[in-house]
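Everything on this sheet refers to the single structure shown next.
The values are calculated or read from the model by the stated rules, or taken from the named source; none is laboratory data. The model shown is predicted, which means the values in this text are computed figures rather than measured ones. No Cβ is skipped: glycine too gets one built from the backbone with ideal geometry, and neighbour counts run over all protein chains shown. In case anyone asks, the SASA skips ligands and DNA or RNA and just uses the protein heavy atoms, side chains included. Shrake-Rupley method; radii C 1.70, N 1.55, O 1.52, S 1.80 Å.
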Amino acid sequence: MVSPVTVVKSEGPKLVPFFKATCVYFVLWLPTSSPSWFSALIKCLPIFCLWVFLLAHGISFLGAHSSARKILAGLIFSALGDAFLIWQEQGYFSHGLFMFAITHILYSSAFGMKPLNLRAGLIIAVMSGFSYTLLYPYLSGPFTYLVAVYIALIGFMGWRAIAGVQLANDLWTWTKLSACLGAVLFMVSDLTIAVNKFCFPVPHSRAIIMATYYAAQMLIALSAVECQDADAARKRA
């Protein structure tokens with residue numbers, strides 16, 4: 001297993017643009033009441049930096065590892081979703097929902113179906129059902145089923161990420177743990193969006209949503225680079 005120190009040394013410098021772009025977003029803190037292409041650019045910039053982070057590992061790396069390609073594709077659809085959500089009050093919320101639904105399908109495929117871990121799947125299913133039960137009285141029209149489908153997809157993605165971490169058997173790597181934490185933060189971010197939009201105002205909702213979202217995407221992007229870091233560690237050994 002690649003040590004965390006090796007990870008920080010090899011991957012940290014490649015993530016510097018992402019951290020800078022995230023700081024720019026929070027420092028500017030552009031008002032959501034006045035959507036513009038500039039605010040869309042600032043919001044999407046950290047995700048663009050994660051594209052570059054994965055591309056910096058080389059086209060040959062992406063070509064050799066389908067999971068990395070799927071995560072890169074998921075980040076592309078995430079940026080489209082972010083852009084649509086800038087104009088959510090103008091009727092583009094469902095467009096953003098669709099883009100992120102595709103993202104979760106891609107991430108689920110990247111995480112794979114092994115190990116199955118049905119216990120984790122059952123826990124996530126119960127939590128997803130509880131979340132939908134909480135939201136259901138506030139939903140109307142197409143959102144009644146759109147939100148249900150979305151919760152199922154993000155719950156499935158969370159299950160596949162969490163299933164990869166087998167702490168009891170010591171069968172885990174830092175990238176699997178990264179994917180797990182990223183998926184959990186993504187679910188927290190999206191649940192906060194849903195509660196804030198459909199149920200009641202959540203204090204500091206935007207800060208909670210964006211902080212957990214950017215952290216989630218960074219951790220999921222990190223989970224794609226295990227193979228290259230393992231290869232590098234073997235060469236140095």
Determine the dipole magnitude for the chain: charges of +1 sit on the beta-carbon of Lys and Arg, -1 on that of Asp and Glu, nothing else is charged, the reference point is the Cα centre, and the result goes in debye to the nearest 20.
380
Give the relative contact order (percent, whole number) for the chain; include only Cα pairs under 8 Å separated by 6+ residues.
20
Would you compute, for the Cα atoms of the chain, the largest minus smallest coordinate along each principal axis and list the three values in descending order, in whole Å?
58, 42, 30
In 5 Å bins starting at 0, how do the alpha-carbon pair distances of region 61-105 split up by percent?
6, 27, 24, 16, 12, 8, 5, 2, 0
Looking at Leu41, Val27, Phe61, which one has the Cα that reaches farthest to the positive end of the dipole of region 1-135 (charges on Cβ: Lys, Arg +1; Asp, Glu -1)?
Phe61
So how tilted is helix 16-28 from the main axis of the chain? Cα-based, degrees 0 to 90, rounded to 10.
20
Take the solvent-accessible surface of the protein heavy atoms, probe 1.4 Å, and return the percent of it on the chain that carbon and sulfur atoms account for.
72
For helix 205-222, what angle does its Cα long axis make with the longest principal axis of the chain, in degrees from 0 to 90 and rounded to 10?
30
Could you run the Karplus curve 6.51 cos²θ - 1.76 cosθ + 1.60 with θ = phi - 60° over region 34-45 and give me ³J(HN,Hα) per residue in whole Hz, x for Gly and Pro?
10, x, 8, 5, 5, 5, 5, 4, 5, 5, 7, 4
Rounded to the nearest whole Å², what accessible area per residue is found for region 49-146 with the 1.4 Å probe?
53
Identify all lysines with a Cα-Cα distance to Lys14 below 25 Å; exclude those on the same chain that are fewer than 8 residues away in sequence.
Lys43, Lys70, Lys176, Lys235
Restricting attention to the alpha-carbon atoms of region 86-138, what are Rg (one decimal) and Dmax (integer), both in Å?
14.8, 42
